[in-house]
Amino acid sequence: MIRHLIYFPLLFSFGFLTKGQVGEDPGAIIVLSEEGLYEVRDEDGNLLTNNLKPGSVLRDGLVIKTGPKSEISVLFSNGLTASILSNSSLHIASFKQTPFDPGDQKLEELNSEPSQSSTDLKLEFGDLVIKTKKLNRGSSFNITSPIGTAGIRGTEFQLSQSVNGQCKLDVATSTVSFTNLQGVTSIVSTGQGLDIAPAGG
């Protein structure tokens, strides 16, 4: 049985019907596009699929690995979009969201997320391009790499993690805070970048 992998015929056919605090309710991660060779595995390394279709809905706990000249773009149900570029490995460690009623709204047209959420991603290596909506008060969004953690409050940016430990952060809009393994936090604003050595410097 394939766990964590669910297919829906319509992009927003799933619905969240009540409002409340961020808890254990899983959010949905919808495949927007895919190309090339890739694999989707569970946290134990078991292969779930290497053939997704646009509109497929994933759950947290998955690891997505892309090969050369490959890319997968996904839309989170809080409005965040993520593009996993070639030769990358991303672990969607946790994505929880307060239930909500989508009504006639389209997530891509919202300026802010429709309800509180908690997102934790782990970029093991490769390149990840993120574009988020403005997060609600109480929401959190963190991306961990082997040498630090980026915390986001609504922005567009790219995070790259090489296999030799070098990390690079480029911010297109808004602000990202990056905390290295020594606990030192750097604030990176619009148009700025940050290069982090394997030792965290």
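Below 18 Å, Cα to Cα, which aspartates and glutamates can residue 65 reach? Residues fewer than 8 away in the same chain don't count.
34, 35, 39, 42, 43, 44, 120, 124, 127
Give or take rounding to whole Å, what are the principal axis extents of the alpha carbon atoms in the stretch 73-179, in descending order?
Its Cα atoms span 46, 24, 24 Å along the three principal axes.
Counting pairs of alpha carbon atoms under 8 Å apart in space and at least six apart in sequence, what relative contact order in percent does the stretch 62-102 give?
Relative contact order, the stretch 62-102: 44 percent.
Per 0.36 nm of contour for each residue apart, how much would the distance between residue 47 and residue 164 grow if the chain were fully extended, relative to their Cα-Cα spacing?
Net length gain for the segment: 39.6 nm.
Using a cut-off of 24 Å between alpha-carbon atoms, which lysines can reach residue 106, once sequence neighbours fewer than 8 places away in the same chain are excluded?
Counting by Cα, and skipping residues close in sequence, residue 106 has these lysines nearby: 19, 53, 96, 131, 133, 134.
Which of the trypsin sites (Lys or Arg not before Pro) found in the stretch 54-141 are in a DSSP loop and have at most 11 neighbouring Cβ atoms, other than their own, within 10 Å?
Those satisfying the criteria are 69, 106, 137.
From the Cα gyration tensor of the stretch 121-192, with a ≥ b ≥ c the square roots of its eigenvalues, which class applies: rounded if a/c is under 1.5, or else prolate if a/b is larger than b/c, or else oblate?
Verdict is prolate for the stretch 121-192.
Per residue, how large is the accessible surface of the stretch 51-153? Use a 1.4 angstrom probe and give square angstrom.
Solvent-accessible surface per residue comes out at 38 Å².
Could you work out how far apart the two model spin labels at residue 149 and residue 190 are, taking each label as a point 7 Å from the Cα in the direction of the beta carbon, and quote it in nm?
2.8
Quick check: convex hull over the Cα atoms of the stretch 25-125, volume per residue in Å³, rounded to an integer?
With only Cα atoms used, the stretch 25-125 gives 97 Å³ per residue.
Under the rule of at least 5 residues apart or a separate chain, name every residue whose amide H is placed under 5 Å from the amide H of residue 165.
Residues meeting the amide H criterion: none.
The values are calculated or read from the model by the stated rules, or taken from the named source; none is laboratory data. It should be emphasised that the depicted structure is a prediction, and the values quoted were computed from it without experimental measurement. With ideal geometry, Cβ positions are generated from the backbone for all residues, glycine too; neighbour counts draw on all protein chains shown. For accessibility, only protein heavy atoms count, side chains too; no ligands or nucleic acids. Shrake-Rupley method; radii C 1.70, N 1.55, O 1.52, S 1.80 Å.
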